[in-house]
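A short worksheet on the structure shown next.
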Amino acid sequence: MAILRLDKGRHFSLVTVTVLTILLLMFGLMAFGSSRSPKQITATPVVHDYRYDEPFRGSEGGKTLARACGNCHSNRTNLPWYGHVVLISWWINRHVREGRQGLNFSEWTTYSAHRRRDELESICGVVSNDRMPPASYRVLHPESRLAAQDKNAVCAWAANESEHDK
């Protein structure tokens, strides 16, 4: 292993120097980088909390959706610490924008009955087939992992809401 010799007899391994350099770069990028993102996701100062609206309030399926999907599919996005690192923040911001464009629970009450029914049918399918939440998200967000009972609750909720929307 390569050793760097500094004055007064101190030795630092190349691995130590590399790790420290990477950490310094990451903290520097966190401090100065994400503000340069061209299309930073933002939430309005007063964000409507869809979790207290029907059909989400009080239902197990609604709570599960809010926990597992709400970070990308609502206006209530909470960025993790690494969401402020330059390249990672750009990727997260794009992912959240695309998620909101596809389905935004914060705008659920503004959707037409037809669109809500379409979304409800889709929700059960993508959750059951593990297409949502994406695997890359589940790795870093254990709260988004859905057990079989969670998937069943979401599908039952979607079926129930679809019946109410008719």
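Since every read-out is calculated from the coordinates, none of them should be taken as a lab result. Here the structure is a predicted model, which means the values were calculated and not measured. Note that we place each Cβ from the backbone using ideal geometry, even for glycine, and neighbour counts take in every protein chain shown.
For region 50-164, the fraction of alpha-carbon pairs lying more than 19 Å apart is 43 percent, rounded to a whole number. Seen from Ala153, the other residues with C-beta closer than 12 Å to its C-beta sum to a net charge of +1, counting Lys and Arg as +1 and Asp and Glu as -1. Ordering Ala158, Pro142, Val127 by Cα displacement along the dipole of region 127-166 toward the positive end leaves Pro142 in first place; charges were set at the Cβ atoms of Lys, Arg (+1) and Asp, Glu (-1).
Using C-alpha pairs under 8 Å with a sequence gap of at least 6, the mean separation divided by the residue count of region 50-164 gives a relative contact order of 36 percent.
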